[in-house]
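What follows is one structure encoded as structure tokens, with my remarks underneath.
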Amino acid sequence: MKKWIALMLGAMLSAGCSDEAAEQPETGQPAVMQDEKEEVTEDAAAPAVQEEKPQDKQESSSESFIEAEVIKVIDGDTVKVMAEGREETLRLLLVDTPETVHPNKPVQPFGPEASRFAKDTLSGKKVELELDVGERDKYGRLLVYLHVDGKMFNEMLIEKGLARVGYVYAPNTKHVDRFYELQKQAQQSEIGIWSIENYAAEDEGFRDLQEKEEAPAESKDESCAIKGNISSSGEKIYHLPDGQYYDVTEEEELFCSEKEAVQAGYRASKR
């Protein structure tokens, strides 16, 4: 009897252990799977946020620059392009090159050099137009910073001494500090327009050197008032300011002294 009781107890204990072992995977495994699923979900969500940042940056960049093609260079700071299907005349922002095609001004020193540099650098090129706050001037020209081959052409003109910083009007002053730094370097190197003393002025543009050179001659004419006239018979006569016929005489020459007139073959008027 005791033997049978012992066998029955052993069988009951063996069945209890088997049930406990069978329950462990069912209760433990789902918990592990749940954790793994949560980790995958978190990892999968992270790249979606990161991918949005470059896209936003690209959209911002495309708004700042306009692609165009140069069809004509007018002078150093004025260019014609085809942009967005239409022809546009561009005026480069914050720079001023000497004149070459102005209807009321002569060709100015270093104007041809600036125009030639613009033609060599820009003609037929694909370029990018960077706008500032105000897009156009009173003539309807598009105001731009012009980029070609990865460089800003406005800066290139200043660096080579072919342009001064000019026409600085708010709010279009995005790059003005950088431009003044480049201009200072060109001035110190005395290249281009800065090689001529007192030629380029910050507020006055480019001074007319021809007028400056002729000024002494005009002052000389004012102080040299003796009129030399050649009569119909070919006789050379000079007239002093207090002479009777001085006011009605048209001078062939002006002299500063009677000696100078005599040496030129003139005689004094008798009245």
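Each value in this text was obtained by applying a stated rule to the coordinates, not by laboratory testing. Keep in mind the model is a prediction, meaning the values are calculated, not measured. A quick note on method: Cβ atoms are made from the backbone with ideal geometry, for glycine too, and the neighbour counts reach across all protein chains shown.
Structure notes:
- Three-way shape call for segment 65-209 based on the alpha-carbon gyration tensor, with the a/c threshold at 1.5: prolate
- Set LYS138/LYS160; LYS72/LYS151; LYS105/LYS160; LYS105/LYS227; LYS126/LYS184 screened for pairs whose C-alpha atoms are more than 26 Å apart: LYS138/LYS160; LYS105/LYS227; LYS126/LYS184
- Hydrodynamic radius by Kirkwood, which averages 1/r over all alpha carbon pairs of segment 224-268, in angstrom: 10.1
- Debye-formula intensities of segment 135-217, expressed as log10 I(q)/I(0) at q = 0.17, 0.18 Å⁻¹, are -0.80, -0.87 (one equal scatterer per alpha-carbon, no solvent).
- Taking the fewest neighbouring Cβ atoms within 10 Å as the starting point, the ordered list for TYR199, TYR139 is TYR139, TYR199.
- The H on the amide N of ASP137, modeled in the peptide plane, is under 5 Å from the matching H of LEU143, each at least 5 residues off or on a different chain.
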